[in-house]
There are 2 protein chains.
Amino acid sequence: MSLARQEIAQQPDVIARLLERERPALRAVAAELRRRRPRYAVVAARGSSDNAARYAQHVLGRMLQLPVLLATPSLHTLYHAPPRFVDAIVIGISQSGASPDVVGVVAEGAWQGAMTVAITNDPTSPLAAAAAHVVDLGAGEERSVAATKTYTASLAAIAALAAEGDGALSDDLARLPAAIAAQLALTGAAEAAVEAAADWERLTVVGRGAHYATAFEAALKLRELAGIVSEAYSPADLLHGPIATIGPAQPLLAIAPAGPTEGSMRELVATARERGASVAAIGHDAALGDPFLELVDVPEWLGPAVAIVPAQLLAVGLSERRGIDVDAPFGLSKITMTR
Amino acid sequence: MSLARQEIAQQPDVIARLLERERPALRAVAAELRRRRPRYAVVAARGSSDNAARYAQHVLGRMLQLPVLLATPSLHTLYHAPPRFVDAIVIGISQSGASPDVVGVVAEGAWQGAMTVAITNDPTSPLAAAAAHVVDLGAGEERSVAATKTYTASLAAIAALAAEGDGALSDDLARLPAAIAAQLALTGAAEAAVEAAADWERLTVVGRGAHYATAFEAALKLRELAGIVSEAYSPADLLHGPIATIGPAQPLLAIAPAGPTEGSMRELVATARERGASVAAIGHDAALGDPFLELVDVPEWLGPAVAIVPAQLLAVGLSERRGIDVDAPFGLSKITMTR
């Protein structure tokens, strides 16, 4: 079995351990949040961690009413004109904790006196050293190039930040590992989807709200593992121009679970079908797409940690089917040292 | 001549008029900024205006040290969980001023007591009504579906906000209309690029810093006008996975002018060439790409308003060459009423 499949299978255990072990760290962050009452959050991240940042933008806004800004590292590293982080909480998300541009943003926040948090799989990394608070993903070494367990662990860490001190949300979160395990057990649908998607060369992935992150992460996995030219959009952004290239030659993957986003996703699916596109879906209503990847039930705000699982399995399955080296595809390397 | 070509040609005059006529409005915004000293900015926008928002993120951060957050409309319209905009300036950018999700974010900001600004081509629009300050783009009706003059006018309005009260920056800005006119005069290179790009079916566009916006807007124009499946990335985001699909089948368009971003763009171009990709470039060094679209000189921070011009001409030229209805391609409509 590939490292990627092993790491995907570890996700329920990784998250269960994380929620248990990191509770003191999360409590300390929540206490400082209550004391300092930051006006907004800055999140610095790259790659899959940047998709976790997209989830942070949704869930910290929704649960803590905290506006979240995705950092612009080039202002720090190339232009030497960092913004003022007055009354901010600055969060860096990086599996390795070694990405110089992510470390740079958090270090700048600390230097300016802002509250800082590192979410990383390496508590001895430069990112952890730069931040006042460290949430250790504790996912074990991730040896496959494609991030899987560190992505969902980052989502769980962010969800735990949003839930800290709220009994109902904490109860939701405690059920997440079992939900991911149940999702992983649905291997038949994933295998059927691999067959149905065997000829995909390019793809548009669409999601909204909580699942804007899922759309981007699914597109990234399908691209880096299976070599599919895939792009992610919200329905609104797609309708503003990119819909032009949707048609018979380019299938669409809709991230369309039940909940507040379902209505606009349904409209989008109908529009894509009118243009002649074939539509695949991840969600709860099999009428929305073929192939269809059904999701187990989970509270809507935690959906992204579950909905990415079938996309991971689809990407890995297509990679295997195409004879690609799943654990080191296309000569990619694990850590990208961009400034 | 198509409406799109007429509107592209109007850009120098539109910006010259805007800088003159909107000075009182811009002064009023700057005065309130000095008085209220917001901690961060929220920008709500869609489509090309969202690319103008990417420029705002760069230039307001760089010149005013103001961190800029791109709004998440779904929190307002679908989840009914708007973030707290305490100590924020909330800016809506919309050509029509009619996009319900953009209006919703600005109205929420106003309701919460935040400072609000509308940048719109219609001062009688709902967006203008929702905001305390209105910067009227005054670009005249834009009849082509693809935004061109309203995009560069939005960039100029944002640049003027950043420059207000600074003599050196204001002098830079005063020279912008002439620079765009000079860029428009370089029609030979644009025509040659249309021939060289005649077979492009998919494309990756890369830019960084000030030109992160340019990369996204160039990709959007090439997609909506010429039907090219084009995606935009920063070099760092591309290296985190999407580089997997760069190779002989997928050319790259590098937005690589002289300045702070040139070094990392050069490295990216070299990596793409090692993977067998053909590279086109917009910049100052003809060695960076073929076809090559040379830029006239302009202060680096204003580069995006000039660098988009050859991309507009390339997209229109390819659209014409492919027999597409330039002014209403692919059945797109001008205003997208997403919530």
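Each reported figure results from applying straightforward, stated rules to the coordinates on display, with no laboratory input. Just so it is clear, the structure is predicted and the values come from calculations on it, not from any experiment. When we count neighbours, we look across all protein chains shown, and the Cβ atoms used for this are built from the backbone with ideal geometry, even at glycine.
Numbers for the structure displayed
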item: Percent of beta bridges antiparallel (DSSP, region B:153-285, rounded to nearest 5); result: 5
item: Other protein chain Cβ atoms within 10 Å, averaged over every residue that makes up A:79-88; result: 6
item: In region A:97-179, GluC sites (Glu not before Pro) in a DSSP loop with at most 12 other beta-carbon atoms within 10 Å; result: A:GLU141
item: Rg [Å, one decimal], Dmax [Å, integer] - region B:3-174, C-alpha atoms; result: 15.0, 45
item: Pseudo-label separations to other copies for A:ALA196 - Cα-to-Cβ vector, 7 Å, nm; result: 4.3
item: Point-to-point label distance, B:ARG321-A:ALA132, nm (Cα→Cβ direction, 7 Å offset); result: 5.7
item: Cut-off 15 Å (backbone N to label point 7 Å along Cα→Cβ of A:ALA28), residues of region A:97-125; result: A:115-120, A:123-125
item: Cα centroid separation - region B:130-156 against region A:137-211, whole Å; result: 41
item: Between helix A:100-111 and chain A: long-axis angle, C-alpha atoms, 0 to 90°, nearest 10; result: 40
item: Helical mean residue ellipticity (222 nm; -39500 (n - 2.57) per DSSP H run of 4+; nearest 500) of chain B; result: -14500 deg cm²/dmol
item: Length added when fully stretched, B:LEU186-B:GLU201, from 0.36 nm per residue minus Cα-Cα; result: 2.9 nm
item: Label distances, nm, A:ALA168 versus same residue in remaining copies, Cβ-directed 7 Å point; result: 5.5
item: Per-residue ³J(HN,Hα) for region B:303-308, Karplus 6.51 cos²θ - 1.76 cosθ + 1.60, θ = phi - 60°, Hz, x for Gly and Pro; result: x, x, 6, 9, 5, 6
item: In Hz, Karplus ³J(HN,Hα) per residue of region B:71-86 (6.51, -1.76, 1.60; θ = phi - 60°; x = Gly, Pro); result: 5, 10, x, 4, 4, 7, 8, 9, 9, 6, 9, x, x, 7, 9, 6
item: For residues of B:37-47, the mean tally of beta carbons on other chains within 10 Å; result: 4
item: Charge-dipole axis of region A:15-161 as Lys and Arg at +1 and Asp and Glu at -1 on Cβ define it, positive-most pick from A:ALA130, A:VAL68, A:ILE93; result: A:VAL68
item: Sparse-neighbourhood loop sites, GluC sites (Glu not before Pro) in region A:1-52 - DSSP loop, at most 14 other Cβ within 10 angstrom; result: none
item: Antiparallel bridge percentage (DSSP; both residues within chain B; nearest 5); result: 5
item: Kirkwood Rh in Å, taken over chain A so that all alpha-carbon pairs contribute; result: 20.1
item: Inter-copy spacing of B:SER333 label points, which lie 7 Å from Cα along Cα→Cβ, given in nm from shortest upward; result: 5.0
item: Test item: B:144-151 mean partner chain Cβ contacts at 10 Å; result: 1
item: Within region A:56-163, trypsin sites (Lys or Arg not before Pro) in DSSP loop having at most 14 other beta-carbon neighbours inside 10 Å; result: A:ARG143
item: Cα-centred dipole magnitude for region A:185-321, charges only on beta-carbon of K, R (+1) and D, E (-1), debye, nearest 20; result: 260
item: Most mobile of A:ALA232, A:ALA25, A:ALA118 in a GNM of chain A (Cα contacts under 10 Å); result: A:ALA25
item: About the Cα centre, charge dipole magnitude for chain A (Lys/Arg +1, Asp/Glu -1 at Cβ), debye; result: 920
item: Degrees separating the helix A:187-196 axis from the principal Cα axis of chain A, which is the longest one; result: 60
item: Zone of B:GLU141's modelled label, taken as backbone nitrogen in region B:58-99 under 18 Å from a point 7 Å along Cα→Cβ; result: B:95-98
